[in-house]
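The values are calculated or read from the model by the stated rules, or taken from the named source; none is laboratory data. These figures come from a predicted structure and were not determined experimentally. Quick reminder, even Gly has a Cβ in these numbers, built from the backbone with ideal geometry, and neighbours come from all protein chains shown. Areas reflect the complete protein model, heavy atoms only, side chains present, ligands, DNA and RNA absent. Shrake-Rupley method; radii C 1.70, N 1.55, O 1.52, S 1.80 Å.
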Number of protein chains: 2
Amino acid sequence: MTATIQDAARGTDTRRPVRFTVTSASVGDSRARTGILDTPHGRVDTPVFMPVGTNATVKALDPDDIREVGARIILSNTYHLALRPGHERIRDLGGLHAFMGWDRAILTDSGGFQVVSLAQQRSIDEDGATFRSHLDGSLQRFTPEHAIAVQEALGADIAVCFDHPVPPHASARSEVADATERTHRWADRCLAAHTRPDQALFGIIQGGLEADLRMASTAFFASRPFDGLCIGGLAGDETPEQRRAVLDVVVPMLVDDPRPRYLMGLGSPMDLLDAVDAGVDMFDSVLPARVARNATLWVPGGKLNLRNARFLDDPRPVQEGCRCRLCRSFSRAYLAHLFRANELLAYRLATCHNLTFTLDFMARIRSAIADGTFPQLTRDLRAQAASRSPIDVVGS
Amino acid sequence: MTATIQDAARGTDTRRPVRFTVTSASVGDSRARTGILDTPHGRVDTPVFMPVGTNATVKALDPDDIREVGARIILSNTYHLALRPGHERIRDLGGLHAFMGWDRAILTDSGGFQVVSLAQQRSIDEDGATFRSHLDGSLQRFTPEHAIAVQEALGADIAVCFDHPVPPHASARSEVADATERTHRWADRCLAAHTRPDQALFGIIQGGLEADLRMASTAFFASRPFDGLCIGGLAGDETPEQRRAVLDVVVPMLVDDPRPRYLMGLGSPMDLLDAVDAGVDMFDSVLPARVARNATLWVPGGKLNLRNARFLDDPRPVQEGCRCRLCRSFSRAYLAHLFRANELLAYRLATCHNLTFTLDFMARIRSAIADGTFPQLTRDLRAQAASRSPIDVVGS
C-alpha cells in the first residue's frame, strides 16, 4: 500500500505553507534520511528535535538561548495556551511568534494528548472531549473544530489534528480500535475546519501496538491531504522493541510518501537514534529540559548527576569541548553549587546544555546519514550504550 | 575634624589595588560628586549601585546579563559563601571571579550584618561571634581575622572589615556604643590581619542614630589607612530623615578625605538620590532584584505590579524606550503571563529590567552632577515622587 497521488502532490506542492524535501537517505537496511522542511519562519534540517515551549516559553530559556542551542523549530502546547493565557488573547497580541519573541518556526500540538493525560473528569463523546482544567477546575470543551480554531489563533507554522490517543498498555484492543477510528473521523473534521493559508496541518496516525490498526490508520492518513504525518500513541510506556515494531509497520507503508514523519514525544538520545534509523524525521520531548532542571546533565556516553557531592570540587566543564553557555564559562563545581543553593541560574545553564547536547546529537546524525556513515554511527553508539552500567553516571 | 595625611595618602596611593578619584562635584548645597574607582578588574564610575550576588550569582542572571544591565561591580556575601560552598573551595577553584565567571570588579561584605540578621543562636564576645548556620544549624565562629581570611580566599577586589552592626531601633544607646567600640577594635584587627596586596580593605563606620557616636566612629575610621569608608547600620528601619541626619554628621567630617563613601544596603531610587545628594559614592541592595522576582517592575514615576490582571492584554513594553532584555522584545502581557504560569523566564526578565532601571538611574545622576544640573534633577524627581499616590501603580 502506498500513498495516493493526491498526497504526494500536496507534500511537495509549492503553494503549501510548509514544504518537505528529502535530501539523502542512508544505505543498507536503515530507513534513515535527511531532509529540508521549509516553513514560513525559516528552513529546518531533518531529522530534527523540537524543544518544547509549553507555556509559550522553553522553560528557563529566552529566545536568544533557544537560538543559541541551535533550535530552528520549537513545539508549543495548544491545550496549555488555550487555558492560559487564552488563544484569543495571544491572537490579539499578534500571534504566538510575536507574543513569545520567537521568529523561527513553531509547531503546535492539538491538545489531544493533554486532554487525555492532564485534564480531570474527562469525558469523550463523538463530537469532542469535555474536561476540567488542571489549572482551576473550570469546565472546558475541545472539539476538532475548536482545536483547529485555537491553533489558527495561535498562528504556528504547523498545526496538528485533534486526536484521541489511548495509552496502549492501559487499553483493551477494542478501546484502541474505537479511539483510532474516532481519530480518523476527527481528522476529516480538522481538514474541513482548517482554513489558514499560511499554516500547515499534520495528521496523527494512531492504532496503539496493534499492527492491523496501525496499518489501517497509516492507510487512512496517507490518503488524506495533510502536510505531514505524526505518529502518535508512542513514547509512552511501550518497550523500545514494541515502538520499533510499530515503526516497522507504519514507515514502509509511507516509503513513497513525500511528507515528513513525526514521532511525538520521544526525547532520549538512544531512542531518537533508533527512530531515525526506522525512518522518522521529526521529534519533540520535554525530557532533556526536564532532567536538566533535576540536575541530570547529558554527556557523551552517559549522564552526570550534579547533586553528587563529588562535583563540588570538580573544576572541569560538564562536557569538554561543548559549545553551550554552561560549558563555555563554568565548572561542574559551580553548577553543583548553584543546584545546592537552589539558584535559578542552575536551571537555565543545565537546560542550555542538555538541549545543545540533543541538537548537536541530531546534527551528528544528519551528517552521518548524508555521508553514508549512519549505520556505523548506530553500531558504535549502540555498543557504547550496551557497555554502560545501568546507573550510567560517568565521570568524564 | 578632617582626615589625617596618612589616610589621604592611602586613598590616592598608586600602589594601592583600588584608587579613587573625584572627578566633579555638584553645585550649591548638595554634596553629590562623581568619581572614578579603579580596581584590579576595571574602572567603575561613581556614584555606583552594586547588584548583589549573594551565592556567587546575581539571582536569575548570568554574567552576560549582569554586563548587559551595565554593572561594573557587584557585591557578594562573605557569610553565605563561607557556609556554602566554602571559601577554601572557591579559592582552590581559582577564586570568586573565576568561579562565577565574572571578570569585572567584586566587593565582598564582611559577614557582620548576616551574622546579626540571619544566623541563629548568636553570641558575640570580644574575640568574635559564635552562631549556628541558617542552612544546617552547624556551629560556626567568625572573628575579624577569620572574616579577612575568608575574603582573601574569595579574592574580591574590595574586602570589608568585620563589624558589629546593631539595628538602631532595636538597641539601647549603651548597646550601640558598645557595638561601635567593638567595631573599632575589630577594625584594627582586620587591618593587621589583611595581607593580600591585590585587594583593598574598607572600614565600616557605625554609631547608630546617635550623632556623637557617629562622630567618634567617623573620626576613628578617618584616622585609619582603609581604602574606603563604609557607612553601616543604616538602610534598616530608620526614617529617611534619620538617615539623612546621620549622613549630615558623617560626610562633612570626610569632606577632605579622598576615599570613597559607601552606604551599605540602600536600594530604592529616591533613597539613592537622597544619599548621593548627601555625598555618598557607593551603594548595594537586593531590593531591585527582590521586588522584580515578586513581579514589581520599576518605571519612571512609579512601579507596575505585573500580577495585576489588566496587564494580561497590554501590548506595550514595561517601559517605553528601555534598553533592557525585557523591554526590547516582550510586552507587559507576555511578562504577566509568565508570572501567572510561574515560568522561570519571568524572574530573569524582570530582574534585568529593574537592575537596568537602577543602573540607568545612577548614570542619569552622574551626568547631572557632571553637567551641573543635579540640584534641578533632585527637585524634579522629588516633586514627581510627592505627587504620586501612595499605591503608586502607574499605567504608563
Filter region B:228-275 for residues that are in contact with an Asp or Glu (Cβ under 9 Å, 6 or more places away or on another chain), modelled with pLDDT of 95 or more, farther than 18 Å from residue B:358 by Cβ and assigned to a loop (DSSP other than H, G, I, E, B) and give the result.
B:232, B:257, B:259, B:260
Members of region A:326-374 found to be without any contact (Cβ under 8 Å) to a residue 24 or more places away in the chain, within 14 Å of chain B (Cβ to nearest Cβ) and of a type in the set (S, T, N, Q), listed by number
A:329, A:331, A:342
Name the residue, out of B:269, B:288, B:315, B:258, that is of a type outside the set (Val, Ile, Thr), touching a helix residue (DSSP H, G or I) at 6+ places or on another chain (Cβ under 8 Å) and open to solvent by 40 Å² or more (accessible area, probe 1.4 Å).
B:315
For region B:74-89, which positions are under 25 Å from residue A:351 (Cβ atoms), over 19 Å from the mean Cα position of the chain (by Cα) and either more than 10 Å from every other protein chain (Cβ to nearest Cβ) or buried (at least 19 other Cβ atoms within 10 Å of the Cβ) (or both)?
B:85
Looking at B:71, B:105, which one is open to solvent by less than 30 Å² (accessible area, probe 1.4 Å), more than 14 Å from chain A (Cβ to nearest Cβ) and touching a Gly at 6+ places or on another chain (Cβ under 7 Å)?
B:105
Select from region B:123-135 the residues that are open to solvent by 20 Å² or more (accessible area, probe 1.4 Å) and farther than 12 Å from residue B:164 by Cα and write down the one among them that is modelled with the lowest pLDDT.
B:134
Does residue B:388 count as in a helix (DSSP H, G or I), over 28 Å from residue A:344 (Cα atoms) and away from chain A (no Cβ under 14 Å)?
no
Among residues of region B:305-322 being farther than 15 Å from residue B:346 by Cα and not acidic (Asp, Glu), the residue nearest to the other protein chains (Cβ to nearest Cβ) is B:315
Can you tell me which condition residue A:43 does not meet? The list is (1) at positive phi; (2) modelled with pLDDT of 95 or more, and all the others hold.
(1)
Report yes if residue B:109 is within 29 Å of residue B:70 (Cβ to Cβ) and charged (D, E, K, R), otherwise no.
yes
Answer yes or no as to whether residue B:61 is more than 17 Å from the chain's Cα centre (by Cα), under 24 Å from residue B:363 (Cα atoms) and within 14 Å of chain A (Cβ to nearest Cβ).
yes
The residue from A:48, A:27 that alone is open to solvent by 40 Å² or more (accessible area, probe 1.4 Å) and either more than 27 Å from residue A:367 (Cα to Cα) or hydrophobic (A, V, I, L, M, F, W, C) (or both) is A:27
Working only within region B:214-225, note down all residues that are surrounded by fewer than 24 Cβ atoms within 10 Å (Cβ to Cβ), touching an Asp or Glu at 6+ places or on another chain (Cβ under 9 Å) and among the aliphatic types (A, V, I, L, M).
B:216
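Conditions (1) open to solvent by less than 10 Å² (accessible area, probe 1.4 Å); (2) in contact (Cβ under 8 Å) with a residue 24 or more places away in the chain; (3) under 23 Å from residue B:200 (Cβ atoms), marked per residue:
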site	(1), (2), (3)
B:96	yes, yes, yes
B:137	no, no, no
B:141	no, no, no
B:145	no, yes, yes
B:154	yes, yes, yes
B:159	yes, yes, yes
B:162	yes, yes, yes
B:172	no, no, no
Looking only at region B:149-174, how many residues end up being more than 19 Å from the chain's Cα centre (by Cα) and of a type in the set (A, V, I, L, M, F, W, C)?
5
With the requirement that a residue be more than 23 Å from residue B:320 (Cβ to Cβ) and surrounded by fewer than 20 Cβ atoms within 10 Å (Cβ to Cβ), what does region B:354-372 give you?
B:370, B:371, B:372
